[in-house]
Amino acid sequence: MKCADITLLNEKETRAGFGEGVFEAGQENPNVVVLTADLAGSLKLGPFIKAFPERFIQCGIAEANMMGIAAGLTIGGKIPYTTTFANFSTGRVYDQIRQSIAYSDKNVKICASHAGLTLGEDGATHQILEDIGLMKMLPGMTVIVPCDFNQTKAATKAIASYEGPVYLRFGRPKWANFTKEDGSDFQIGKAQKLSDGKDVSIFACGHLVWKAVEAGKILEEKGYSVELINIHTIKPLDKDAVIASIQKTGCAVTAEEHNILGGLGDSIAQVAATNHPIPIEYIGTKDTFGESGKPVDLLKKYGLDTPDIVAAAEKAIARKKG
Amino acid sequence: MASIQELQNIASQVRRDIVRMVHAVQSGHPGGSLGCADFLTALYFNKLRIKLPFSMDGTGEDLFFLSNGHISPVYYSVLARAGYFEISELATFRKINSRLQGHPTTHEHLPGVRIASGSLGQGLSVAIGAALAKKLNGDQHFVFSLHGDGELQEGQIWEAVMHAAHHKVDNLIATIDWNGQQIDGPTEEVMSLGNLAEKFKAFGWHVMEMEGNDMSAVVSGLDTATQAAGQGKPVCVLMKTGMGKGVDFMEGSHEWHGIAPNDAQLESALAQLEETLGDY
């Protein structure tokens, strides 16, 4: 299993995967209820609303209230999915999530679109790069960052039957879609190994998984053996998979569309530091806000592009030998 | 159906529980707790159709949510006296390894509590969600909530007030503990609430006022509130109470919002409150 063998199916928005997934979740489970804060269109809720109008709750531009209503709906057995942009799903409503959802052990699914730099032109007010950290710090919160359309659809359906609060993070732009169409390669809490290798482990999540695939192909052409693992579930982290991989490769790169403070990289580093210390290089934003621009240009400017991952891997390998 | 005298007896015992609990750990919030003792007694012993043992789901019963979680002493006392858990557990209030946390939580699995509260302004949204779940489930029971008047300064409350009217959440009865006091002083000095009745009406609620420290008025007021429900509008009960009601030196002042009586003050308070059901 090599990166060279991974093939692109098509390009689709991960948020569209959410829209299809939540419609199917609604078909499969009559307790699924969807709430939005005036972003039904952006979150692709059309099919759900058309099929299940009585199970759709428009909250207007009032995210704090939406989170509380979602908590209340669970009392009575509903499975509420809240939908808005990632920034308004987390930073804006942190205390509501903390007290009414996480501390209260409520079965709420917080579904967050337009995360990260790839939101693009709207700029830093909307490009949250701290949300994974905010959510993973909450006791009992599950944090899932699927990598493409198919996986977002699979995750959206899977969380309906997964008890407990979940943060599901996805994005805005069309992006490489390459995981299985039926979602059978996705399981909450189980890391997805995309290639076997012995020189370096690359742990990636979200949009950067495809960037890591591209980097892996280049590294393989250069003669390196790359182990690429998609950490779609950042919490609970599949520690066994992480430890097994770094014991074999001896060095790692983490790649995420998020601040390197508090994100996936920190989670991987903690497992490494306490189990099997190794050199690690971080791909992510370096304690900075984003800005307006095209997604591809932003990834390049902030050091989250394919060549950055290649360079980070070579540096990690060199540090291991040094 | 309990008589007014029976309810007054329970409320007296609840007030004893409150001052004893707060005194025992020298922390907690006696003022608002005493002011709401009559309301919560009438609610749990005369109004709510509840099922025991407790289930989180709450289907087929009336629900109550305490949004101003700092008045946990009155809530815990009433829950214990209503049979949710042993009254002896009141002695663990605010101590380590207790289910009776400083502010109510579901996290320690205390029967009767369905949401954590303490950080203010969140309970009305939760109550709306529970009320909407009841509508989706075809459950004809009511959802009650209680809020401090100072708590209305939180913006989320008004998001929720707007939502409840827009979505015609008419199985919801939200009561405001209108004592005019908050930690830093009278609400009118800290942050004026304006004409609350007109504000709720303007948002599209059915609004009524109630004397919250007159047991007969509370009992009849709650009946009036449930009669007003189910007609397309959420119901707001503006409940006039006195902070610290029932203990003369605590009455009417914000000073007793969040401090505990000393030994002499406890003795003085208990002398004013008849032990009707036996102390815990």
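Taken together, the criteria place B:Leu90 among residues that are over 27 Å from B:Gln153 (Cα atoms) and surrounded by fewer than 24 Cβ atoms within 10 Å (Cβ to Cβ). Tell me yes or no: at least one residue of region B:77-87 is of a type in the set (Asp, Glu) and either in a helix (DSSP H, G or I) or within 14 Å of chain A (Cβ to nearest Cβ) (or both). The answer is no; no qualifying residue exists. For first residues located in region B:95-117 and in contact (Cβ under 8 Å) with a residue 24 or more places away in the chain and farther than 19 Å from B:Val143 by Cβ, partners that are outside any loop (DSSP other than H, G, I, E, B) and not polar (S, T, N, Q) and lie 6+ apart or on another chain with Cβ distances below 6 Å form the pairs B:Leu100/B:Tyr76; B:His103/B:Gly69.
The rows are residues; the columns are (1) part of a loop (DSSP other than H, G, I, E, B); (2) closer than 21 Å to A:Ile6 by Cα.
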residue	(1), (2)
A:Ala158	no, no
A:Gly183	yes, yes
A:Trp210	no, yes
A:Glu220	no, yes
A:Leu228	no, yes
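The helices (runs of 4 or more DSSP H) falling completely within region B:1-69 that include 1 or more residues that are more than 24 Å from B:Arg114 (Cβ to Cβ) and under 18 Å from the mean Cα position of the chain (by Cα) map to B:4-25, B:30-35.
Please tell me if B:Leu196 is touching a residue at least 40 places away in the same chain (Cβ under 8 Å) and touching a Cys at 6+ places or on another chain (Cβ under 9 Å). Answer is yes for this residue.
Among the residues of region B:211-240, the ones that are under 19 Å from B:Ser3 (Cα atoms) and assigned to a strand (DSSP E or B) come to 1 in all.
Would you confirm whether any residue within region A:125-132 is assigned to a helix (DSSP H, G or I) and under 20 Å from A:Leu264 (Cα atoms)? Within region A:125-132 (the criterion being assigned to a helix (DSSP H, G or I) and under 20 Å from A:Leu264 (Cα atoms)), the answer is yes, since at least one residue qualifies.
Please go through region B:124-169 and give me each residue that is more than 10 Å from chain A (Cβ to nearest Cβ), over 25 Å from B:Tyr75 (Cα atoms) and touching a residue at least 40 places away in the same chain (Cβ under 8 Å), ordered by number. Within region B:124-169, B:Ala165, B:Lys168 qualify. Note on region B:239-258: residues that are closer than 17 Å to B:Ser72 by Cα, buried (at least 23 other Cβ atoms within 10 Å of the Cβ) and in contact with a Ser or Thr (Cβ under 9 Å, 6 or more places away or on another chain) total 2. Kindly indicate whether any position in region B:60-70 is among the small types (Gly, Ala, Ser), within 14 Å of another protein chain (Cβ to nearest Cβ), out of contact with any strand residue (DSSP E or B) (no Cβ under 8 Å at 6 or more places or on another chain) and buried (at least 24 other Cβ atoms within 10 Å of the Cβ). Yes, because at least one residue in region B:60-70 is among the small types (Gly, Ala, Ser), within 14 Å of another protein chain (Cβ to nearest Cβ), out of contact with any strand residue (DSSP E or B) (no Cβ under 8 Å at 6 or more places or on another chain) and buried (at least 24 other Cβ atoms within 10 Å of the Cβ).
Here is a yes/no grid of residues against (1) crowded, with 20+ Cβ neighbours inside 10 Å; (2) of a type in the set (Asp, Glu); (3) touching a residue at least 24 places away in the same chain (Cβ under 8 Å):
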| site | (1), (2), (3) |
| --- | --- |
| A:His258 | yes, no, yes |
| A:Gly263 | yes, no, yes |
| A:Asp266 | yes, yes, yes |
| A:His276 | no, no, yes |
| A:Ile280 | yes, no, yes |
| A:Phe289 | no, no, yes |
| A:Asp297 | no, yes, no |
| A:Val310 | yes, no, yes |
| A:Lys320 | no, no, yes |
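Summed over region A:219-232, the residues that are buried (at least 24 other Cβ atoms within 10 Å of the Cβ) and of a type outside the set (Val, Ile, Thr) give a count of 5.
Quick check: anything in region B:212-223 among the acidic types (Asp, Glu), without any contact (Cβ under 8 Å) to a residue 60 or more places away in the chain and either touching a His at 6+ places or on another chain (Cβ under 8 Å) or closer than 22 Å to B:Leu34 by Cβ (or both)? Within region B:212-223 (the criterion being among the acidic types (Asp, Glu), without any contact (Cβ under 8 Å) to a residue 60 or more places away in the chain and either touching a His at 6+ places or on another chain (Cβ under 8 Å) or closer than 22 Å to B:Leu34 by Cβ (or both)), the answer is no, since none of the residues qualifies. Of everything listed in (1) more than 16 Å from the chain's Cα centre (by Cα); (2) surrounded by 23 or more Cβ atoms within 10 Å (Cβ to Cβ), the single unmet condition for B:Arg99 is (2). Residues in region A:274-292 that are within 20 Å of the chain's Cα centre (by Cα) and not in a loop (DSSP other than H, G, I, E, B): A:Glu281, A:Tyr282, A:Ile283, A:Gly284, A:Thr285. Comparison of A:Val271, A:Val253 shows that the only residue that is outside any strand (DSSP E or B), of a type outside the set (D, E, K, R) and at pLDDT 95 or above is A:Val271. Just wondering, is there one or more residues in region A:202-218 that are touching a helix residue (DSSP H, G or I) at 6+ places or on another chain (Cβ under 6 Å), surrounded by fewer than 20 Cβ atoms within 10 Å (Cβ to Cβ), modelled with pLDDT of 95 or more and closer than 17 Å to A:Gly21 by Cα? Checked against the condition, which is being touching a helix residue (DSSP H, G or I) at 6+ places or on another chain (Cβ under 6 Å), surrounded by fewer than 20 Cβ atoms within 10 Å (Cβ to Cβ), modelled with pLDDT of 95 or more and closer than 17 Å to A:Gly21 by Cα, region A:202-218 yields no hits at all.
Looking only at residues in region A:71-96 that are in a helix (DSSP H, G or I) and touching a strand residue (DSSP E or B) at 6+ places or on another chain (Cβ under 7 Å), the one that is nearest to the other protein chains (Cβ to nearest Cβ) is A:Leu73.
The values are calculated or read from the model by the stated rules, or taken from the named source; none is laboratory data. Because the structure is predicted, anything quoted here is derived from the model rather than measured. Counting neighbours? That spans all protein chains shown, and the Cβs are built from the backbone with ideal geometry, glycine included.
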